[in-house]
Structure formats: structure tokens, C-alpha cells
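The values are calculated or read from the model by the stated rules, or taken from the named source; none is laboratory data. What you see is a predicted model, and the numbers here were worked out from it, not measured in a lab. Here the Cβ is made from the backbone with ideal geometry for all residues, glycine too, and neighbour counts use every protein chain on show. Protein only, heavy atoms only, side chains kept; ligands, DNA and RNA dropped before computing areas. Shrake-Rupley method; radii C 1.70, N 1.55, O 1.52, S 1.80 Å.
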Amino acid sequence: MSEETLCFHFDVDGDDFTSAGQASVQVKKLLRELGVSPEVIRRVSIAMYEGEINMVIHAGGGKADVLVDETSIVIILTDEGPGIPNIKQAMQEGYSTAPDNVRSLGFGAGMGLPNMKRYTDHMEIESAPGKGTTIKMTVEL
Amino acid sequence: MRIRQIQEVLEAELIVGEGTLDKDVHSACGSDMMSDVLAYVKDQAVLLTGLVNAQVIRTAQMMDMICIVFVRSKQPTEDMIELAAEAGITLMSTEKRMYEACGLLYTAGLGNGVIA
Ligand SMILES: Nc1ncnc2c1ncn2[C@@H]1O[C@H](COP(=O)(O)OP(=O)(O)O)[C@@H](O)[C@H]1O
Ligand SMILES: [Mg+2]
């Protein structure tokens, strides 16, 4: 199975809010070309998009790896930002440390991580202050 | 309701995307918070918003929405128009405020997906 795994890598620029989400748009296109169902594509791309936005607004950018095989789609988001001190609290709907300027851009409602969990089958967060954040999300096919 | 009717009901100016005007849609969603839009997947095909930046287009694209209506005469930038054209998303702009625009569409029969 592993030799049939497709791997896609993206760098997520932390300096440019306007370009945030470009990787998710590309993944959406790739999955469409692979013939993945629209419902699954939507879940994957929303989860990845929220994660991408988080890396841009909270962590100064990062990278995204997407692994596709016959049974699942795995999204791994890695950044070297400030990390999340209290993951349980960060997972609560409405909890956000985003500054007001981010809110005026339409994000920072504290719904990103809960959305990512809701739209994927598994989500693991590894994070500690000063160590950055790695989020692994899996959607079963 | 067809996208064309939405344009008529809101007396909206079409900015880009004539291609979808005859498509039929069944629900809409009105919000300035993109995370709220992303939180409620219900096959909404139309987004009404007062927010103007590239993430509005990407949010609609992620949600497979086909039309964005900017309220209060807000105008998208050239970059946004280009993104929308690539994504096959129709953009229009209406003078109406959010509350009125949603109310008009709801009254005209565009159903229950309206949130926020
Ligand atoms: N990649 C990240 N690096 C550091 N902190 C993060 C990251 N992602 C999320 N967080 C923290 O978790 C909180 C909640 O995230 P989220 O639910 O996406 O809400 P929002 O992004 O709207 O603040 C953020 O406000 C931030 O404090
Ligand atoms: Mg977020």
C-alpha cells in the first residue's frame, strides 16, 4: 500500500495573508483530478484551509504535507511558531487569541480548530510553547 | 431560485461570472466571519457578505459556493475578480445592507440555509 501513496508538499508563506489558502486550493484541484468524491474533497479542503490560515495568523507560516492512498487522505501541518500552551482550551469553540485586525479580515472567531476536528475523522495536535505545532488530520476514504 | 433572480431581487450589479446565471440554488448564507461560514456546510450555494478580501473568494471556493454577493455596494479588487473567475464563482454587488438583502431573498423564496 505504501508504495501507492501520493505525497504533495506545500510551503505556506507567513508574510502574506492574501495568499493564505493557496495550498488548499491546489489540494482541492489535485483531489478532484484523482476522482475523490466532492463531499470528501470539501471536508479535506475546509480542514486544511483553516489549518493554513492558522499557520499564517498564529505561527508566521509553515508547511503542509498531504498523503493520499487508497484508504485515506492525511494532512500534516507543521510550523515553528509559538506553539499552543493549552490545547484543550484552544479546541473550544470561540476561544481565540487572534488580534482585532485578524477578526476584521473574517477570521479569529475561534472556530478553526473545532472546524478542523469536525470535518476530519482523526485529528492529533502536538504542540508546546517555543516548539511549534504539528497537526495531523486524517479523512478516511 | 436562479442566480439571475438573485441579481434581480437585490438589484445587484454583475461583476464577473455570467456563466452561472441560469443555475438553480436552494439556500444562502450571510456572514462577515469566514470561519462561521466554514462551520456550517449545508450546501449553501450563495454567500452574502460585507467583507472584501481574497479569503472571501477562497472560503466560497472551499465550500463549493457558486455566487458571492457583496452588500452595501462593496466592490471586490481586481485580484479577487481574477480569483473568482478562475474558480468559476459569480460576483455581484448590491446597495442593500446585509439584513435587507437576506430578508429580500428569503421572502422571495430562497430557503432556510440563511445563517448569521
Ligand atoms: N498553528 C498555531 N500556532 C500557534 N497557535 C495556534 C495555532 N493554531 C491555533 N492556535 C491557537 O489556538 C487558538 C484557537 O485556534 P482556532 O480555533 O483556529 O481559532 P482562531 O484562529 O480563530 O483564533 C488560536 O487563537 C491560537 O491561540
Ligand atoms: Mg483559526
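Just to check your reading of the model, which residue among A:Pro85, A:Pro114, A:Pro129, A:Pro38 is of a type outside the set (Ser, Thr, Tyr), without any contact (Cβ under 8 Å) to a residue 60 or more places away in the chain and within 7 Å of ligand 1 (Cβ to nearest atom)? None of the other options fit; the residue is A:Pro114. Sort out which residues of region B:28-76 are away from chain A (no Cβ under 13 Å), part of a loop (DSSP other than H, G, I, E, B) and either without any contact (Cβ under 8 Å) to a residue 12 or more places away in the chain or open to solvent by less than 10 Å² (accessible area, probe 1.4 Å) (or both), and write them in order of number. The one that is away from chain A (no Cβ under 13 Å), part of a loop (DSSP other than H, G, I, E, B) and either without any contact (Cβ under 8 Å) to a residue 12 or more places away in the chain or open to solvent by less than 10 Å² (accessible area, probe 1.4 Å) (or both): B:Val71. In the condition set (1) outside any strand (DSSP E or B); (2) more than 10 Å from ligand 2 (Cβ to nearest atom), A:Ala64 is compliant with all but (1).
Close contacts from region B:1-18, counting a first residue that is open to solvent by less than 30 Å² (accessible area, probe 1.4 Å) and a second that is of a type in the set (Phe, Trp, Tyr), with Cβ to Cβ under 9 Å and a gap of 6+ residues or different chains, come to B:Ala12/B:Phe70. Taking only region A:1-23 into account, find how many residues are closer than 17 Å to B:Met62 by Cα, hydrophobic (A, V, I, L, M, F, W, C) and in a loop (DSSP other than H, G, I, E, B). Result for region A:1-23: 1. For region A:68-83, the set of residues classified as in contact with a Pro (Cβ under 8 Å, 6 or more places away or on another chain) and closer than 17 Å to A:Glu124 by Cβ consists of A:Gly83 only. Given the condition open to solvent by less than 60 Å² (accessible area, probe 1.4 Å) and touching a residue at least 60 places away in the same chain (Cβ under 8 Å), answer yes or no: does some residue in region A:23-35 qualify? No; the residues of region A:23-35 include none that is open to solvent by less than 60 Å² (accessible area, probe 1.4 Å) and touching a residue at least 60 places away in the same chain (Cβ under 8 Å). Assess whether A:Ala109 counts as being open to solvent by less than 20 Å² (accessible area, probe 1.4 Å), in a loop (DSSP other than H, G, I, E, B) and either within 14 Å of another protein chain (Cβ to nearest Cβ) or of a type in the set (Asp, Glu) (or both). Here the answer is no, as A:Ala109 does not meet what is asked.
Counting only residues that are assigned to a helix (DSSP H, G or I) and more than 10 Å from the chain's Cα centre (by Cα), region A:24-61 holds 19 of them.
Applying the set (1) among the β-branched types (Val, Ile, Thr); (2) assigned to a loop (DSSP other than H, G, I, E, B); (3) more than 11 Å from ligand 1 (Cβ to nearest atom) to A:Thr97 leaves exactly one unmet item: (3).
Tally time: how many residues in region B:77-107 are of a type in the set (S, T, N, Q) and either modelled with pLDDT under 95 or open to solvent by 50 Å² or more (accessible area, probe 1.4 Å) (or both)?
Pass one, region B:77-107, residues of a type in the set (S, T, N, Q): B:77, B:90, B:93-94, B:107.
From the residues that got through so far, the ones that are either modelled with pLDDT under 95 or open to solvent by 50 Å² or more (accessible area, probe 1.4 Å) (or both) too are B:77, B:107.
Residues in region B:77-107 being of a type in the set (S, T, N, Q) and either modelled with pLDDT under 95 or open to solvent by 50 Å² or more (accessible area, probe 1.4 Å) (or both): 2 in total.
Going through region A:56-67 one residue at a time, which ones are surrounded by 22 or more Cβ atoms within 10 Å (Cβ to Cβ) and either more than 11 Å from ligand 1 (Cβ to nearest atom) or within 14 Å of chain B (Cβ to nearest Cβ) (or both)? Within region A:56-67, A:Val56, A:Ile57, A:His58, A:Ala64, A:Val66 qualify. Applying the set (1) more than 10 Å from ligand 2 (Cβ to nearest atom); (2) within 14 Å of chain B (Cβ to nearest Cβ) to A:Glu126 leaves exactly one unmet item: (2).
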